[in-house]
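*Asks:* Take this structure first; my questions come after.
The values are calculated or read from the model by the stated rules, or taken from the named source; none is laboratory data. Computed from a predicted structure; not experimentally measured. Every residue, glycine as well, gets a Cβ built from its backbone with ideal geometry; the counts of neighbours run over all protein chains shown. Keep in mind that these areas ignore ligands, DNA and RNA; they rest on the heavy atoms of the full protein, side chains included. Shrake-Rupley method; radii C 1.70, N 1.55, O 1.52, S 1.80 Å.
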Amino acid sequence: LPPPNLLRLSERRRCRAAWSDPGRKLLTLESFARTEEDGGRDIASAARAVRDPELRAHLERHAADEARHAGLFRDRARALRAEGVSAPSTPAAPGPDLHGAHAGGLFADLGEVGYVAFLHVAERRARDLFELHRELVGADAATRALFEDILRDEKYHVAYTGTILERWRRQGRGGEVRAALAQARGSRWLEGWKRFGARAGARLSRAILRVLYFTLLAPAAIPARKLARERGGWRPPPAGRDPRSQG
Ligand SMILES: [Fe+2]
Ligand SMILES: [Fe+2]
């Protein structure tokens with residue numbers, strides 16, 4: 001597995017590109033709005049399924065937060081369009097993934113502990129990414145303020161999921177919690193590694209070919225060319241002589 005700082009670097013590059021011009025910024029804001037909305041919808045459906053009253057209350061507030069974030073991103077995008085910014089005609093690469101795959105119906109697949117562990121890992125990642133984005137938006141004060149507002153909620157999402165997991169641990173479900181966290185981290189880690197591996201793989205094979213060319217093929221070609229120049233090029237062996245008897 002690659003050292004985490006390499007992943008972090010490739011992530012930074014991707015995040016920086018998301019704000020590199022007004023058109024990309026517009027697409028990024030609109031894609032964030034969709035991710036937050038999908039996340040909110042999935043969390044709202046989980047809230048309806050859980051029986052634990054404390055967890056349900058948190059999930060309801062969490063779902064409302066994500067819906068509010070979607071609205072904030074959409075409003076900011078709308079303001080940019082009103083200022084005359086338009087989306088580039090060639091679709092940009094998909095924006096960075098925020099809250100992970102809140103693809104819908106995750107609660108039914110993962111169960112209570114698995115779902116809260118997944119949320120905890122995904123929200124930590126969202127918090128880290130938003131901190132990065134807040135730094136990368138540069139001089140755009142309105143977008144920076146938006147990230148600051150949203151970050152307060154993301155910190156709460158990390159905190160309450162952590163508190164619930166801690167309560168389960170104290171109640172003797174430590175093994176279950178550990179396994180669920182490992183699974184949630186593993187799937188994120190694997191995802192990142194696959195993304196990193198695909199790009200690095202192509203770069204690496206080009207680099208290996210270049211090294212092979214300069215270390216093996218090019219040096220071997222120099223004496224052969226020199227020899228050919230000295231001899232005035234390749235000549236066929238004299239007729240009637242068996243070349244195997246030479247030397
Ligand atoms: Fe959010
Ligand atoms: Fe969140």
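*Asks:* From the backbone phi of segment 132-138, what are the Karplus-calculated ³J(HN,Hα) couplings (6.51 cos²θ - 1.76 cosθ + 1.60, θ = phi - 60°) in whole Hz, Gly and Pro given as x?
*Replies:* Taking θ as phi minus 60°, the curve returns 5, 5, 4, 6, 7, 6, x Hz for segment 132-138.
*Asks:* Also, I was wondering about something else. Pop the C-beta distance of Gln171 and Ser89 into the FRET formula with R0 = 41 Å and round what comes out to the nearest 0.05.
*Replies:* Calculated value: 0.15.
*Asks:* For segment 4-43, which whole-number percentage of the solvent-accessible area (1.4 Å probe, protein heavy atoms only) is attributable to carbon and sulfur atoms?
*Replies:* 53 percent
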